[in-house]
Each structure stands twice: as structure tokens, then as C-alpha cells.
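The values are calculated or read from the model by the stated rules, or taken from the named source; none is laboratory data. The structure presented is a predicted model; accordingly, all values stated were derived computationally and were not measured. For neighbour counting, all protein chains shown are included, and Cβ atoms are generated from backbone atoms with ideal geometry for every residue, glycine included. Quick note on the areas: whole protein, heavy atoms, side chains included, nothing else; ligands and nucleic acids left out. Shrake-Rupley method; radii C 1.70, N 1.55, O 1.52, S 1.80 Å.
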Amino acid sequence: MMRTIKRISQFFILNVRLTFDTLFTYKAATILTFCTNIFIVLIYLFLWKGIYGEQTIVNGYTLKELLLFIILLRVLRRSYPFHISKTYGQLIKNGSIATWLLKPIPIELRLLSQAIGQTIYQFCFSGLPMLLLVPLFANIPNFTFVSAALFLLWYISAFIFLYIFEIIIGVISYYTTSLWGVGNFKSALIAFFTGELLPLSFYPVALLGFLEVLPFSAVYYLPISILLSKVVENAWIIFSILWLSIILLLGVYLSISQKMIKRISVQGG
Amino acid sequence: MNKIINIENLSKTYKVRERNDAFLLKRFFQKKKYREVRALKDVTVNIESGEFVGLIGNNGAGKSTLIKLMTGILYRTQGKIEIMGRDPFKHRKKNNQEIGVVFGQRTQLNWDLSTMDSLHLLKAIYDIDDTVFKSNIELFTDIFGMQKTIKQPVRTLSLGQKMQCELMAAFLHNPKLVFLDEPTVGLDMFSKEAIAKFLIEMKEKQKTTLILTTHDLEEISKVCDRAIVLHDGNILFEENIQTLLSIHNQQKRVVFTTENESVDPIELNKDFTVTYQPFKIIYNKVKKAEVHELIAEVTNHCYVKDVSIEGSNFTDIIKEYLRGKR
């Protein structure tokens, strides 16, 4: 048992490092990713500046608070494993899944280590540069140790939730082969329910009531609010909903994944 | 010897979607039609530990499907399959600890990193002991002469070098059983020779059991002990390669090069098949014992400049079997 844990942790750490190294191989792409993300966040910032115009407070947010919220949201967006369903889908589509299934390491663990490696890379070359924009557009917030620790707890929980959500979408590829349609639907769903494009407090009240029983507000809205020490009503209820969803999704994944693998047909030779 | 592979009445059926010729929107609302393809039909195979077996067959004969069923990637439709005493699909992870696989058209190496990085990852995956890892790397790089190239990114290697690295990856953890699915596709003769040499060394040093599929039949005859010929999802026959060669080499091909461009037909009253070409007379299916008599008869009849006696090679023998099935 101890030997298996040691073997898996050694593999895990090494694969995180190698994923980072693989992405870092393409230095020009790294620099361009860096620039692209700065441009995207600048577009959002100028858009919100335009929307505010002469107003000082909209929906309880001052302009500087909202700009800080937007920057942190974009940093978080780059730090979640949103690409995993696509990676999984491509492995199934081009048949490379065969070489992955032939290794005595669960495919989910391999994808998780890859997701963490990519997250570290994205944080270093996309997240950190975006954070450098904070002093230019917003006030540097006063973090407390408690708010930072709570933020980390929320972030890790949301990461696990999204990871399981992503591998469920990925495993559907065994059925559909192509993930193009499912992937687009997933992206739209996530963007809408998590408040990726518009903070949730800007949504109609009726919709907000519905969103309170879903775990999606735990992806951006709650972790950022907690980091900024804002009071959020029912935060721990949503936290419970989040973990309940994680357990539920894990159950769904475990029950469908073996059945889906039976559908595999690796094309050509 | 103990059985490492035990397959009884194994069948695999795929569902293949049929093309729908209906026009755009109509096609969208129509139900998809599927056709069943039986890739393997009641296949029974036993392979002993330490054997090197060649799987032979035309494209679509079912070789790769059989390998994928043995490695637990595909799920059987019917029959029984046991690899090292276990169901390969149910115990895929456990079996894979002792299995090595190379699919000629897919890679298990990270193209952006060096082969050495991928090998280190495999060391962690298979929990390979430090001393075994070092000695295997030393042995493999010596055989292939790849001490330097092993440290450069995989995408910068030639096709032959890449395949040699794939083989290193497959044998790194001293597996009991190795599957090689068309490992020499597109390789030059030197790379093929290096791979054959490597496999023969592995047979002696690691006592591995090997299942090899390739279209290069001479390669199978060099490396393998036994050949299993598949045709249209069935086993056409299985035979020891040396036995097969000795049976078929009872019959020879005798070629006479003549002084004159054409000669009068020679009456021999034998079962040979004869072909007359400019400056050549070719006799096929000549029994070993009758070669002397044939040479005497022909040299009496016309002026012969040269005679060559050829045995059937492995490719000819298999071609003959498969041709009969077309």
C-alpha cells in the first residue's frame, strides 16, 4: 500500500513538472500568451470603465472594486482546468487513449497531474502578469491571513468540482467521438452560471435565487468575495452544495466511465 | 512451460455507421444506420511463456483487434481471454504492470521533451528500481548506439530513432509480455536490422514473450519461433516457422540461363510448372530429389550458361496460402 502511494506520488509530481516543461518548450508561445492575456484583461477593464461613465457605484460596487473583481476573475479563469475535457476528447478521437489505457496508472490521475502542471504554467505566465495591472486600475486590497486561507479552501474545492465536471464531459467522447458541440455547450453553461462575463450580482433577482442552489457561484464569485473580505450570505450553505455536487459528480463519473470505455473502438490498424 | 496467453472462441464485433446519402436537413432527422463488422470470429490461441510469435495477415485480417483485446483496451463480444491468468479488460491496470506495448502508428513518448524525460516518467509509472533502470538504459543505448540522441527532443529524431526509443520504453520495466504492432512501418533496412537484433537480445536476456505483427514477413522469420496467420477474422493456420520453411523447401525453383534466346520445348513428363522467357527456362515446384535429373535433361537438350536453384522464402510461402484464400 505504502509502496503504491509512493509510486503514484512520484509519478504525479514528475508529470506536473514535465507538463510545465512541455508548455515552456515553446518560448514564443509563452510570450504571446503573456501578451494576449494582458490585452484581454485590458479590453474588459476599458469596457467596464465605459459602462460606469460618470456613476460612482453600480450594484453596490465602486468602479475600482469592480475592476479588481474583473482582474481577479480573469486570473482565476486561467487557473482552473477548463481544457481537460478537450484533452480527454482528443485522446479518444485520435486513438491515443490506447497508449494511456496501457499504463498501470489511472487515466484520471494522469489528467489531474497534467491539469495542475498547466495551472501552474498558466498562473506564472498569465495570472501573475494580470495581477501586475491591479495597482494601475484598482486599489491593492488588504488581505488577511484568514481570508487568504479561506480563499485557498474555496479555490481548491472549486478546482476539484470543475475537474470532475470536465472529465465527465470528456468521457462523453467515448459515446459522441467528437466533443465539439458538447464542449461549446459546456463553455456557455459555465460562463453563464459562474458569472464569468458579468458578476452574479448584476443578474436578475429571480435567477439569483435559482443560482443559490447550484454550486457554480463557488467558482469565481464566492472565492473572490471572500478574498476581498466581503460579507456573503449563505456562503457555507453554498460550500456544502459544492461538496455535495462533487460527491454526486464523482458517483456519476465512476458509474459511467467503465461502461463508456467498453464502447471504445480505436480506429485504424 | 506455462501458458501466458489463453484464448478460446474469441469474437469481436464492431458497429460501423453507414453512410447516409439523404440531403442535408433530412439527414439530420433520420435515424443513424449501423452495420456490424465481425473483426474476429471464434479465435482460439495458446501462447507459452518465452515464445516469440508473429501475427500475420492482410490489412483488416484482425491482427490489431486481437492485440487490443489481449491488452485490455477493447472489450470482447464473445469467448474467453486470459492473459497471465487474468481477464485483460477487468484487470487492465494489474496486467499492464507486466506488459509492454508498441503501436507503430502511435507514440507513448512526449514529443516536446527528450526520450530520457519520458523514460524517467515510465520509471515512476512502473516503479522501476534504480539499478534496473540504469542497467537497462545502458544496454538499450549500447544496442542502438543512441547514447547522445536519447537526450534530444523526440520530435527532432528520425523515424527509425523514434521507433528505437519506443522499443526502449516498452522493454524498460522488464515486462513478461510485449506486444509490437507493426513496429517497422516505413523504416529503412538498417533500422529494421537494428530492431531485429534488439528483439533477439531481449529474448535471450529478459526471457520476454513477444507477439509481433508486421507486414514484413522476413522480419518475422528472423525473430519469431511461431507464425499465426489470420484471414478475415479467422486463424488460417499456425505453425512453427522452421517447420514451415523445411516443408516448403522440399520444392525448389530451378532457373536455367541459356545461350540462345529461345529453345524448343522440352518434354519431361513430370509435375513441374515451366515458363520460357528470352534466354531463360524457369521450372517451379521441383522436388529436391528430382533436381539432378532435371539439370541433366536440360543440359542435354540445349547449351546452358548458368543454373540457379532457389528455395521458397517465408514471404512466398505465406503469399501462397493467402492467395488461395482471396
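What the table below lists for this structure:
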read-out: Rounded to the nearest 10 Å², the accessible area of A:LEU132 at probe 1.4 Å; value: 130
read-out: Neighbouring partner chain Cβ atoms per residue of A:99-112, average, 10 Å criterion; value: 5
read-out: C-alpha center-to-center spacing [the range B:1-70, the range B:209-229] in angstrom; value: 20
read-out: For A:252-261, mean number of other protein chain Cβ atoms within 10 Å; value: 1
read-out: Highest-MSF residue in chain B out of B:GLN161, B:GLN108, B:GLN250 [GNM, Cα springs under 10 Å]; value: B:GLN250
read-out: Helix runs (DSSP H) in chain A reaching 24 Å along axis by Cα, Kyte-Doolittle at least -0.5; value: A:2-25, A:27-52, A:145-171, A:235-261
read-out: Lys/Arg +1, Asp/Glu -1 at C-beta; the protein assembly as shown dipole; positive extreme among B:GLN152, B:HIS292, A:LEU101; value: A:LEU101
read-out: Folded to 0 to 90 degrees: helix B:314-325 orientation relative to chain B principal axis, Cα; value: 90
read-out: Solvent exposure, largest accessible area first (probe 1.4 Å, DNA, RNA and ligands not counted), of B:GLU267, B:GLU182, B:GLU297; value: B:GLU267, B:GLU297, B:GLU182
read-out: Sites A:SER96 and B:ASP127, calculated FRET efficiency, Cβ-Cβ separation with R0 22 Å, nearest 0.05; value: 0.40
read-out: Reach of B:LYS288 by Cα under 19 Å, taken over lysines that are not fewer than 8 positions away in the same chain; value: B:LYS252, B:LYS270
read-out: Calculated FRET efficiency for the pair B:GLU261/B:THR315, C-beta based, R₀ 51 Å, to 0.05; value: 0.95
read-out: Given charges at beta-carbon only (K, R positive; D, E negative), |dipole| of chain A in Debye; value: 1020
read-out: Candidate aspartates and glutamates for bridging to B:LYS305, where Cα separation is under 13 Å - those fewer than 8 sequence places away on the same chain excluded; value: B:GLU259, B:GLU261
read-out: Gain in span if fully extended, B:LYS151 to B:GLU36, counting 0.36 nm per residue against the direct Cα distance; value: 36.7 nm
read-out: Within 10 Å of each Cβ in B:90-103, the average number of Cβ atoms from other chains; value: 3
read-out: Relative packing of peptides B:171-177, B:146-152 - highest average C-beta neighbours within 10 Å first; value: B:171-177, B:146-152
read-out: Residue (of A:SER217, A:THR177, B:THR77) at the positive-pole extreme of the protein assembly as shown, dipole from beta-carbon charges; value: A:SER217
read-out: For the range A:2-268: span of alpha carbons on each principal axis (Å, largest first); value: 63, 43, 40
read-out: The range A:124-196 versus the range B:234-287: alpha-carbon centroid distance in Å; value: 73
read-out: FRET efficiency for B:SER49 and A:LEU198, using Cβ-Cβ distance with R0 set to 60 Å, rounded to 0.05; value: 0.40
read-out: Distance between modelled label sites at B:VAL291 and B:PHE279, nm, 7 Å Cα→Cβ extension; value: 2.4
read-out: Full-extension gain in nm, A:ARG17 to A:PHE46, via 0.36 nm per residue minus C-alpha separation; value: 6.8 nm
read-out: Percent breakdown of C-alpha pair distances by 10 Å bin, ordered from the shortest bin, for chain B; value: 5, 21, 24, 20, 15, 10, 4, 1
